[in-house]
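Q: Sharing a structure, written as structure tokens. Questions coming.
The values are calculated or read from the model by the stated rules, or taken from the named source; none is laboratory data. It should be emphasised that the depicted structure is a prediction, and the values quoted were computed from it without experimental measurement. Cβ placement follows ideal geometry from the backbone for every residue including glycine, while neighbour counts extend to all protein chains displayed. To get the accessible areas, we keep the full protein, side chains included, count just its heavy atoms, and leave off ligands, DNA and RNA. Shrake-Rupley method; radii C 1.70, N 1.55, O 1.52, S 1.80 Å.
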Amino acid sequence: MKFLFIGLLWLVLAIALGASGALQHLRPPGPQVVLLALTAALLIAWRLNKTFRTWLYALDLRAIVVLHLSRFVGPTSVLVS
């Protein structure tokens, strides 16, 4: 439950940053640094936190794929199939 709350908090923060337009002002290598920092944070959390690692392994991969499919294909077409 703790990781779900953290994920939802991250989602709200990401939406707020995107809606504010703050990320549009980043110039290279700014976006790459943000991506690298987020990836590093996830990998460090995975490596150091056994509870987080167990939670990640318990996730249903189909749900994760559907979330990412909706980004590429569109939310309505994923829900129909």
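Q: When you go through (1) at pLDDT below 90; (2) open to solvent by less than 80 Å² (accessible area, probe 1.4 Å); (3) under 12 Å from the mean Cα position of the chain (by Cα) one by one for THR39, which number turns out not to apply?
A: THR39 satisfies every listed condition except (1).
Q: Out of ARG71, ARG47, ARG62, ARG27, which single residue is surrounded by fewer than 11 Cβ atoms within 10 Å (Cβ to Cβ), outside any helix (DSSP H, G or I) and without any contact (Cβ under 8 Å) to a residue 24 or more places away in the chain?
A: ARG27
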